[in-house]
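Visitor: Below you will find the structure I want to go over with you.
Taken together, the values in this text are just the output of simple stated rules run on the coordinates, not laboratory data. All values derive from a computational prediction rather than experimental measurement. Cβ placement follows ideal geometry from the backbone for every residue including glycine, while neighbour counts extend to all protein chains displayed.
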Amino acid sequence: MVNLIAKSPLWGQAPLVSAGVTLAEVDLGQVTSIAPFDMAVPGFPAPNTVVADGAARLVWTGRGQAFLIGGPVGDWAEVAAVTDQSDGWAGLSLLGAGAVDVLARLVPVDLRRLAVGDCARTQLGHMAVIVIAVAGGFELLVFRSMAQTAWHELATVIKMRGARLAC
Amino acid sequence: MRITCPLCGPRDRREFYYYGSEDYLTQPALGDFDAIDAHLHLRDNLAGEVRDLWYHEMGCAAWLLVTRNTVTHKISDVVQVAGGGVGILAKMKPEEGAL
Amino acid sequence: MRYSGLKVITQGLFGNKGWGPVWRDPAPKGEYDAIIIGGGGHGLSTAYYLAKNHGLTNIAVLEKGYIGSGNVGRNTTIVRANYFLPGNSEFYSHSLKLWEGLEAELNYNVMHSQRGLINLFHSDGQRDAFVRRGNAMINQGDDAILLDREGVRQHLPYLDFEQTRFPIYGGLLHPRGGTARHDAVAWGYARGADQRGVDLIQNCEVTGIDIEGGRVVGVQTTRGSIRARKVGMVVAGRSGQVAAMAGMRLPIESHVLQAFVTEGLKPCIDHVVSFGMGHFYISQSDKGGLVFGGDIDFYASYASRGNLPMVEHVMEAGMTLMPMIGRAKVLRSWGGIMDMTPDGSPIIDKTPVDGLFIDAGWNYGGFKAVPASGWCMAHLMATGESHAVARRFRLDRFKTGHLLDEEGTGSQHNLH
Ligand SMILES: Cc1cc2nc3c(=O)[nH]c(=O)nc-3n(C[C@H](O)[C@H](O)[C@H](O)COP(=O)(O)OP(=O)(O)OC[C@H]3O[C@@H](n4cnc5c(N)ncnc54)[C@H](O)[C@@H]3O)c2cc1C
Ligand SMILES: [Zn+2]
């Protein structure tokens, strides 16, 4: 059987580094939507938060829905509707001291208030985005079909910010 | 204008989709054409405090019942239509007290 | 006072000191044959044609502010007859014909400029829809020309023909479409009505409608009660409130629509250009300002101002279509209150109350309708019968299912 190469949404895209900010694609691994039949189920994250369990993270993504990123589904299928989303999303990381300033131009939420372990479902320009606060910056999840657009929007802002800081 | 989503917190108006007056929450009986007409078309259309339905489209996807002043755009209350319940029926009939 | 070239020259020679007020400022009488509530474009044209076409001159227009303080003085002045549906088509066609004779009719320069309107399309499906619309316009006796991409480029070379999100496939040119000076339309009709004996009563808010035995007998106002056996409600965005005084709930939700104007520039945009996919339209005023706008803000509102997301959206759409305007500075933005109906079309009809009539639901397109709306509302109030070109603007059409959903967007007030 031929060996198919699974290409990530931004396959071959080199990281962008400018004025203390680094934008790069991240491999999210397995992404699974967990939609509990009863929202009061234990272990389900509170709104706008992430429950971490080793390498696996359960990220709140909306009313009655969380994304399990980078971990096995385990027992969730017994208490929730579980769907594989792995190929539907693109992951980006935006790290560095200026990351919050970059996102401030595209995301209508005050991201200075997010600490590690927090997340927000909001918009990046006109796109839907899940913002996860991580050490040193943010991880962003956008629809796979929007990956290039998201990169373009972010890269434009990063370059403009770099240019302004330089003059 | 900013709307404080009970789940997501204070958010910009652009994240929300406006549907219309709370009249949409009253399901008319099938065959009652006056009630259906009122449900779909007729509005009090008040200049002042109203309650209308918004959807947190770019956020958590919750339907919200927003108490808002149409003259000042001041928002005084926001609750989830589903009031903790799930499913379309809970959306159609907000629980007593949730209002 | 009749205006003439000679008058302008002699006034110019003597320092323009001889111009007097153009209409009287009468105190309200105790009784009239008919009352029009609302001194906007539609109320004034209704009064004018009641007097002119039907000889009814013992009438009053009651305006809560000053003449022209409502939407008639806030709109972006586009005048066109490019409707598709029977019901709308013949009405706006009639209106455009009235516009074409309006300056002579009123002896007033309303600066009606038929500079041509181009509606752009960006896909095969949209082209098909515009071909149909164009044919409907031609069948109605109006004019429509289908332009391909090169045809659009000849008229509008400054558009961004390279952009890929909404590639420009072509446009539907409506040569007789254009603009007019909005205030002048109000002033012209006001002057004409006043000259025919109509009392224009400003600062007179109607606060109640008197009904006896199912028939209207007069109104309560901030300047006392006034009796009349015929009353027309012509109050645009305030229709819901005024109708509530007669115990009615209307198929109307009021929404805010914003508009923008830039600093004055040399002539650069010769047409009215409409970019439906991006929700943006633009024209250049005779003063040189670029006048543009987009969609309503989408939430029910009585505030004559909107919110920033829509401002940003309109600017983005404009920049997508014609990046050259990015250098122009926006001077002002403002909002007006639209009476949105569930099908986007208006109402000119009787009400369940005898003698009480309604002219409302003009959404964001009622400026072009000012002449025909007055014409038809006057006909209805004088004869008790709907005018032939306004026959389908029924108040009960939502209940009976005879909708006039020009855009085909369904029964939701803010989607038209
Ligand atoms: C930003 C904007 C852009 C627009 N662009 C266009 C366009 O390009 N082309 C187009 O065709 N249309 C356009 N429109 C729509 C058009 O302006 C309106 O449909 C039309 O002006 C409404 O009719 P009117 O002129 O009679 O309204 P108005 O001028 O609003 O008249 C209604 C009057 O009723 C008075 N009134 C209200 N309540 C009372 C009361 N209780 N007692 C006494 N008086 C009362 C008000 O003070 C007001 O003067 C636009 C509207 C806006 C806001
Ligand atoms: Zn929310």
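Visitor: What percent do you get for the relative contact order of chain A when only Cα pairs under 8 Å and 6+ apart count?
Guide: 24
Visitor: Turning to a different aspect of this structure: Can you say what percent of the DSSP beta bridges in chain C, counting only those with both residues inside, are antiparallel? Round to 5.
Guide: Beta bridges within chain C, antiparallel portion: roughly 70 percent.
Visitor: How do A:M1, C:M322, A:M160 line up, fewest other C-beta atoms within 10 Å first?
Guide: A:M1, A:M160, C:M322
Visitor: Modelling each spin label as a point 7 Å along the Cα-to-Cβ direction, I'd like the C:A104/B:V71 distance in nm, to one decimal.
Guide: Output for this residue pair reads 4.8 nm.
Visitor: Note down the nm distance, to one decimal, between modelled labels 7 Å out along Cα→Cβ at A:A14 and at C:K97.
Guide: 7.0
Visitor: Rounded to the nearest 500 deg cm²/dmol, what is the calculated helix-only ellipticity per residue at 222 nm for chain C, with -39500 (n - 2.57) per DSSP H run of length n ≥ 4?
Guide: That comes out to -8000 deg cm²/dmol.
Visitor: I would also like to ask the following. Apply the Karplus curve 6.51 cos²θ - 1.76 cosθ + 1.60, θ = phi - 60°, to the phi angles in the range A:22-38 and return the couplings in whole Hz, x for Gly and Pro.
Guide: Couplings: 10, 10, 8, 7, 10, 8, 7, x, 7, 10, 10, 7, 10, 10, x, 5, 10 Hz.
Visitor: Still on this structure: Can you list the residues, at least 5 places off or on another chain, whose amide H is less than 5 Å from the amide H of C:F357, using H built in the peptide plane?
Guide: It is C:V231, C:G232, C:M233, by chain and number.
Visitor: Just name one of A:A52, A:L140, A:V17: the one whose Cα is farthest towards the positive end of the charge dipole of the range A:17-166 (beta-carbon charges, Lys/Arg +1, Asp/Glu -1).
Guide: Value computed over the given set: A:V17.
Visitor: Something else now. Which residue fluctuates the most in chain C, going by a Gaussian network model with Cα springs under 10 Å, if the choices are C:Q126, C:Q284, C:Q154?
Guide: Of the options given, C:Q154 has the highest mean-square fluctuation.
Visitor: A further question on this structure: As a footprinting exposure proxy, order C:Y49, C:Y189, C:Y169, C:Y158 by other Cβ within 10 Å, with the fewest listed first.
Guide: C:Y158, C:Y169, C:Y49, C:Y189
Visitor: With a cut-off of 17 Å, note down the residues of the range A:45-62 whose backbone N falls inside the zone around a label point 7 Å from the Cα of A:D38 toward its beta carbon.
Guide: Within reach of a label on A:D38: A:45.
Visitor: Something else: Under 16 Å from a point placed 7 Å out from the Cα of A:H152 along the Cα-to-Cβ direction: which residues of the range C:140-181 have their backbone N that close?
Guide: Inside the label zone: C:160-168.
Visitor: If you average the sequence gap of Cα pairs under 8 Å that are 6 or more apart and divide by the length of the range C:320-416, what percent do you get for the contact order?
Guide: 36
Visitor: FRET efficiency for A:A81 and C:D33, Cβ-Cβ distance as r, R0 = 56 Å, nearest 0.05?
Guide: 0.25
Visitor: At a Förster distance of 51 Å, what's the computed FRET efficiency of C:L146 paired with A:R164, Cβ-Cβ distance as r, to 0.05?
Guide: 0.65
Visitor: Cα centroid distance between the range C:84-98 and the range B:1-52, in Å?
Guide: What the calculation gives is 33 Å, centre to centre.
Visitor: Of C:G73, C:V110, C:P26, which is farthest along the charge dipole of chain C in the positive direction, counting Lys and Arg as +1 and Asp and Glu as -1 at C-beta?
Guide: The listed residue farthest towards the positive side: C:P26.
Visitor: Let me ask something additional. Within 10 Å of each residue's Cβ, count the other Cβ atoms and sort C:S274, A:S18 from fewest upward.
Guide: A:S18, C:S274
Visitor: In addition: Divide by every residue of chain A the summed helix terms, -39500 (n - 2.57) for each DSSP H run of at least 4, and state the resulting mean residue ellipticity at 222 nm, rounded to the nearest 500 deg cm²/dmol.
Guide: -5500 deg cm²/dmol
Visitor: Another question, then. Nearest 20 debye, what's the magnitude of the dipole of the protein assembly as shown about its Cα centre given +1 on Lys and Arg Cβ and -1 on Asp and Glu Cβ?
Guide: 2220
Visitor: Longest exposed-loop-site-free stretch of chain C, with GluC sites (Glu not before Pro), DSSP loop and at most 13 other Cβ within 10 Å?
Guide: Longest stretch, sites excluded: C:163-384.
Visitor: Let me ask something additional. Take the Cβ-Cβ distance between C:H54 and A:H126 as r, set R0 to 45 Å, and report the resulting FRET efficiency rounded to the nearest 0.05.
Guide: 0.30
Visitor: Report the extension gain between C:S4 and C:W334 in nm, rounded to one decimal, defined as 0.36 nm multiplied by the number of residues separating them, less their alpha carbon distance.
Guide: 115.3 nm
Visitor: I would also like to ask the following. Restricting attention to the range C:38-100, which trypsin sites (Lys or Arg not before Pro) occupy a DSSP loop and are surrounded by at most 16 other Cβ atoms within 10 Å?
Guide: The qualifying sites: there are none.
Visitor: For each cysteine in the protein assembly as shown, check whether another cysteine's C-beta sits under 4.7 Å from its C-beta; list those where none does.
Guide: Lacking a cysteine Cβ partner under 4.7 Å: A:C119, A:C167, B:C60, C:C204, C:C268, C:C376.
Visitor: Determine the relative contact order of the range C:225-307: mean sequence separation of Cα pairs under 8 Å and six or more apart, normalised by residue count, in whole percent.
Guide: 29
Visitor: Add +1 for every Lys or Arg and -1 for every Asp or Glu among the other residues with Cβ under 11 Å from the Cβ of C:L159, and state the total.
Guide: 0
Visitor: May I ask you to list the residues of the range C:302-320 whose amide nitrogen lies under 19 Å from a point 7 Å from Cα along the Cα→beta-carbon direction of C:Q163?
Guide: From the range C:302-320, the list is C:309-320.
Visitor: Near C:K230, which lysines are there with a Cα under 18 Å away, not counting those fewer than 8 places off in the same chain?
Guide: C:K29, C:K52, C:K350
Visitor: Using only the alpha carbons of chain C, what is the convex hull's orientation-averaged projected area in square nanometres?
Guide: Computed as one quarter of the Cα hull surface, the answer is 20.3 nm².
Visitor: Note down the magnitude of the dipole of the range A:17-166 about its Cα centre, charges +1 on Lys and Arg C-beta and -1 on Asp and Glu C-beta and zero elsewhere, to the nearest 20 debye.
Guide: Once rounded to the nearest 20, the dipole reads 740 debye.
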